Amino acid sequence: MSTKNTTSEQGVEMVCISCPIGCRLTVRLEGETVTVAGNKCPRGEVYGTEEMLSPRRVVTATVATGSPSIPRLPVRTTGALPKENIDELLNRAYRLTVAPPVTKGQVIIRDIMGTGIDLVSSRDIAAPED
Amino acid sequence: MTERIVDAVVVGGGSAGLAAAAEIARRGYQVAVVERELSLGGILNQCIHNGFGLHYFKEELTGPEYAQRFIELTREEDGIEFHLDTAVLEAEENADHKIVYAISKHHGVTKFICNAIVLAMGCRERNRGNIGIPGTRPSGIFTAGLAQRLVNIDGYIPGREVVIVGSGDIGLIMARRMSWIGAKVHAVVEIQPYPSGLTRNIAQCLNDFDIPLYLSHVVSEIHGKDRVEAVSITPIEDHHPDPAKTFRIPCDTLLLSVGLVPDNEVANKLGVEINPETNGAYVDARLMTNRPGVFVCGNVLHVHDLVDFVTEESTRCGGFVSDYLAGGGRDEAQYRVSPGANVKYVLPNFYAPGRENIFYLRPMIVKNRAELLVTLDGEQIMKKRFPHVQPSEMMSFRLGPANLRGVRPELANVVEVSVG
Amino acid sequence: MENYDVAVVGAGVTGAAVTRRLSAYRLSVVLLERECDVSFGVSKANSGIIHAGFHHSPSTLKARLEVRGNLMYDALQSELHFPFRRCGIIVAAFSVEEMKIVERLYAQGIENGAIGIELCSRARMISLEPKLNPDVVGGLHAPSGGIVEPYRFVFSLVESALKNGAALKTEFEVVEAKHEKGSFYRIRSRSGEEVTARWVVNAAGLHADEVSRIFGAEEYRIVPRKGEEFLMERNAMCYTNKVVFPVPSPNSKGMLVIPTVEGTTMVGPTAVEVEDKEDLRTTEENFEKVFYSARRLIPAVSERDIITSFAGLRPTLEGDDFYIDLSKETPRFVQAAGIQSPGLTAAPAVAEYIKDLLKKGGLELIEKPGYDPEIPEVKRLRELSMFEVDELIGKDPDYGEIVCRCESVSEAEIKAAIRRGHTTLDGIKFYTRAGMGRCQGGFCTYKTLKILARETGKPWSEVTRRGGGSYITRKQIGDFAVHSIGSASESAGKTASKKQRGTAQ
């Protein structure tokens, strides 16, 4: 059972990661047209096309809070980011400190590298008790 | 010593405990949730990746986001009290009540007196000692969950050159996490000929980073005096390791993702009977153990793949607990459920023909276009098609009064579940 | 320059016992230990058995000291509060031939003065130990045998010695010693630290031969003999009443089933000579051997219950007896070498014996007024009733914070360990048992790291498993730049060629 992307005459075989089902897709690129087969839902077609032309991923990470009781804030991107931007996003995020209070959904980095995707907080953190 | 009299005590404030407690409170009972960490959410707090809630919320949430939804839900209910940073030390029963002793820094010992206990403590990880990897005993060997905690909660990097044992989801998720914090993952080593985790995780956690997956291989020796220096990896051929083909990978960190085991410390104190197939309790159609009034749900009952199923199971459990507290359900007729061909286990171990029953099971085979077959005393009563089955993906099905019309009180009424 | 009357080299059970004994006199004593904590050498991997005095011939020094040492444990326990129980030892025979050997052991025990030793019929054996293999034909029972928590014992000996004025230097590996002006030794460590001492006791375990050479004393060779053991979880089916021995072979006492005083069960140890004094690797082959042997005695032993395995090295000496004597090659130097089994049992008696040797050799022993043999007891949460726990938390809230779930170890106990100088994860583990249970540190490690950092003021990067380079985590997120998609930053259309060894499809 192969799970790696492989290329054959039929096209590229890949696994859709949009949901835990993991449909096995066959994706063909002819000129500028992409055809996707094997998907059980429309998201598979979107994934197959993007993966062929411009692969994207949702990124999750943590950033420093400066608070010893809750030292890290979990964060996530609001959409799937182009793969080539991921390392730079992470390196940027790891240089930040976001002090509490923080609310779930609060924007940490807006419009990452012009993609229109934000990095937001995954949880509330209350203000430290003093 | 403080005494608290409540209707039910829920041990564990993770996804299972929160769902069960919310339901019990919704039904009008007083419930105490006892949680040993400083915050609710359980293991979800350190699962900062997304992929949670696809079934339940039709959204892909991160672990903390999923946890927060349920924490907010419980806040809406009166009748739930939370005891955080509080650990259960002892549990016992007398003729009238159940007693749970829990300790905390600020309140000393709290003696909970209740009529029902819900065990929702989750799992612990199997470790090097359980699987017996030979070699030296250097530092740098972590179970994947511990490493995940150190990274996501405390912000530490366990090591820079990593090898991961086990292709279960925790190991795969950590392969990506370590890559995303600047470490290099050199290999994932899996003893079985197929991966244990979800296929999407192989794609987005290994393939994305070009991390080789060595199927049918084992880590045959750990090297290094003070800190891990390398591991020896040996392929399995014809069910036996082939030492001649052993190769070495230099590394400074070994992450073990080799299985979860229900954390039964408290269950053992109550004399709950444990099923060696699941390492969790035997439960009847109401998710109740052999000890009346002691219920189990979530990972401590059986290791789940999806938190959505944990929520479903635990909410249902909360309902059964409420029925029990109301005095109902005790005379309900129940009959055995048995694992048949290619099924490792089915839960619960009993069903009630008079109502809807939801079952969870694990197959022992990998197959496309598979069939789930359910029989009642040998007669087929249900068939369900599955496009793909594998041991690492839990399956579910329902039986209701319509399927169970053939049940007669004078017969054995054994339901058997097979996959083929 | 620090000057001492006596330097004891090696803080294992022998060195610790001697140091404590000498701390009762008006002497300045220093205990020198190469590792970062005491009990980290031979005494670290130990079965924890207090032997009953029938295994060794009466002509040996070890037999005499074994029986004498055994008798001293009750008094020591009341002073030092280490876990200890006289559960009794049995030796099981499965044939008429084996029974003959048992009878010889019995005779030996009688001659050595083993109290209460008896020969047993099959029925008596099974009534003493119901979990025995029913094929047993008979055996012997030594009720004076027992079980102890060995590192906790060594820790308490050292604590008592320090309380009474002895000094401890860890990370002091003796590399050079010069005898100066015929009256004292100048002793130098690998890191360049120096102390002087008029008298020296060599209790250096695996390295006693090297230390002897460094001091210009006798030439001999310590050959490490490895023993692997398996630990089964608390309350496993195989937990017995008695320590169960098979009939011994010429080489070793055999592979045993040992109910530890903590409630876990140990099976083993093996006995294999090795080359390297640091070879603590565990192996695949011995697993089968140990389990076959253990199940022959107690059929309920099951691999399912294993939580970990480990290896220890015995410091064996030719002739196989203890070598405890004043050196004839260099003055005011006592050898205590070849202390393998029953070294733990004999330790209190060995300490007395060495004290007497020193006296005979001319060391003046004047009792110290104010010597206090007792150390304060650190209560263990696990052993208390709920009322006692409640009371204890009222006095010390840190007892209300559970760190190790599997063994019910509280923060108060972890802090007690740290305050006694146990600042590595293994040191804390051996003092408190945190990390020794079912999950083997999976849950509690991060909590212990936090407490260590807070109590010592040191960052996490300096915390080690057991000193040296055994760090846990040295870096934090942000210390490394992320290059997660290196050469693989291609879109799915390309298939990069990779060297994949052995990847199955």
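Things to note:
- Taking the criterion of being over 20 Å from B:PHE320 (Cα atoms) and touching a residue at least 40 places away in the same chain (Cβ under 8 Å), the residues of the range B:265-292 that qualify are B:GLU265, B:VAL266, B:LYS269, B:ASN275, B:GLU277, B:THR278.
- Counted as qualifying within the range B:363-420 are no strands (runs of 3 or more DSSP E), as none has 3 or more residues that are modelled with pLDDT of 90 or more, surrounded by fewer than 13 Cβ atoms within 10 Å (Cβ to Cβ) and among the aliphatic types (A, V, I, L, M).
- Cross-chain or 6+ apart pairs with Cβ under 6 Å, the range C:325-339 first and surrounded by fewer than 17 Cβ atoms within 10 Å (Cβ to Cβ), then of a type in the set (D, E, K, R): C:GLU329/C:GLU218
- Qualifying positions in the range C:132-164 - assigned to a loop (DSSP other than H, G, I, E, B), crowded, with 19+ Cβ neighbours inside 10 Å and touching a Pro at 6+ places or on another chain (Cβ under 9 Å): C:LEU132, C:GLU149, C:ASN164
- Scan the range A:62-119 for residues that are in contact (Cβ under 8 Å) with a residue 40 or more places away in the chain, charged (D, E, K, R) and surrounded by fewer than 18 Cβ atoms within 10 Å (Cβ to Cβ) and the total you get is 0.
- Among the residues making up the range B:250-283, those that are buried (at least 17 other Cβ atoms within 10 Å of the Cβ) and in a strand (DSSP E or B) are B:THR253, B:LEU254, B:LEU255, B:LEU256, B:LEU260, B:VAL261, B:PRO262, B:GLY280, B:ALA281.
- The set of residues from the range C:281-305 being farther than 17 Å from C:PRO248 by Cα and either surrounded by 21 or more Cβ atoms within 10 Å (Cβ to Cβ) or basic (Lys, Arg) (or both) comprises C:ARG281, C:THR282, C:ASN286, C:VAL301, C:ARG304, C:ASP305.
- Hits in the range B:288-314 (condition: assigned to a helix (DSSP H, G or I) and either of a type in the set (Gly, Ala, Ser) or crowded, with 21+ Cβ neighbours inside 10 Å (or both)): B:GLY298, B:ASN299, B:VAL300, B:VAL307, B:VAL310, B:THR311, B:GLU313, B:SER314
- Members of the range C:340-367 that are over 28 Å from the mean Cα position of the chain (by Cα) and either over 24 Å from C:ASN70 (Cα atoms) or crowded, with 20+ Cβ neighbours inside 10 Å (or both): C:LYS360, C:GLY361, C:GLY362, C:LEU363, C:GLU364, C:LEU365, C:ILE366, C:GLU367
- Count - residues of the range C:450-469 that are without any contact (Cβ under 8 Å) to a residue 40 or more places away in the chain and either part of a helix (DSSP H, G or I) or facing another protein chain (nearest Cβ under 7 Å) (or both): 9
- Wholly enclosed strands (runs of 3 or more DSSP E) of the range A:1-113 bearing at least 3 residues in contact with a helix residue (DSSP H, G or I) (Cβ under 7 Å, 6 or more places away or on another chain), among the hydroxyl-bearing types (Ser, Thr, Tyr) and within 11 Å of chain B (Cβ to nearest Cβ): none
- Number of the exception - C:GLN440 against (1) in contact (Cβ under 8 Å) with a residue 24 or more places away in the chain; (2) more than 9 Å from chain B (Cβ to nearest Cβ): (2)
- Matching residues, the range B:112-161, being in contact with a Phe, Trp or Tyr (Cβ under 8 Å, 6 or more places away or on another chain) and hydroxyl-bearing (Ser, Thr, Tyr): B:SER139, B:TYR156
- Residue match in the range C:361-380 (condition: in a helix (DSSP H, G or I) and out of contact with any Gly (no Cβ under 7 Å at 6 or more places or on another chain)): no
- Considering (1) at the interface with chain C (Cβ under 10 Å from one of its Cβ atoms); (2) of a type outside the set (Ser, Thr, Tyr); (3) buried (at least 22 other Cβ atoms within 10 Å of the Cβ), the lone condition that B:ILE117 does not fulfil carries the number (1).
- Filter result for C:GLY435 (part of a loop (DSSP other than H, G, I, E, B), surrounded by fewer than 21 Cβ atoms within 10 Å (Cβ to Cβ) and either among the aromatic types (Phe, Trp, Tyr) or on the phi > 0 side of the Ramachandran plot (or both)): no
- Test for C:PHE215: is it more than 30 Å from C:THR240 (Cβ to Cβ) and not β-branched (Val, Ile, Thr): yes
- Residues in the range C:391-423 that are of a type in the set (Val, Ile, Thr) and surrounded by fewer than 23 Cβ atoms within 10 Å (Cβ to Cβ): C:ILE418, C:THR423.
- Residues in the range C:176-207 that are in contact with a helix residue (DSSP H, G or I) (Cβ under 7 Å, 6 or more places away or on another chain), surrounded by fewer than 16 Cβ atoms within 10 Å (Cβ to Cβ) and either of a type in the set (Val, Ile, Thr) or more than 27 Å from C:LYS277 (Cα to Cα) (or both): none.
- For the range B:124-140, a residue qualifies if it is in contact (Cβ under 8 Å) with a residue 40 or more places away in the chain, facing chain C (nearest Cβ under 7 Å) and either assigned to a strand (DSSP E or B) or among the small types (Gly, Ala, Ser) (or both), and the qualifying residues are B:ARG124, B:GLU125, B:GLY135, B:SER139.
- Meets criteria (part of a loop (DSSP other than H, G, I, E, B), closer than 19 Å to C:ARG380 by Cβ, within 11 Å of another protein chain (Cβ to nearest Cβ) and free of Cβ contacts under 8 Å to residues at least 40 places away in the same chain) for C:PHE480: no
- Of all residues in the range B:206-223, those satisfying the criterion of being among the hydrophobic types (A, V, I, L, M, F, W, C) and either without any contact (Cβ under 8 Å) to a residue 24 or more places away in the chain or within 8 Å of chain C (Cβ to nearest Cβ) (or both) are B:PHE209, B:LEU213, B:LEU215.
The values are calculated or read from the model by the stated rules, or taken from the named source; none is laboratory data. Nothing here was measured: the structure is a model prediction, and the numbers come from that model. Quick reminder, even Gly has a Cβ in these numbers, built from the backbone with ideal geometry, and neighbours come from all protein chains shown.
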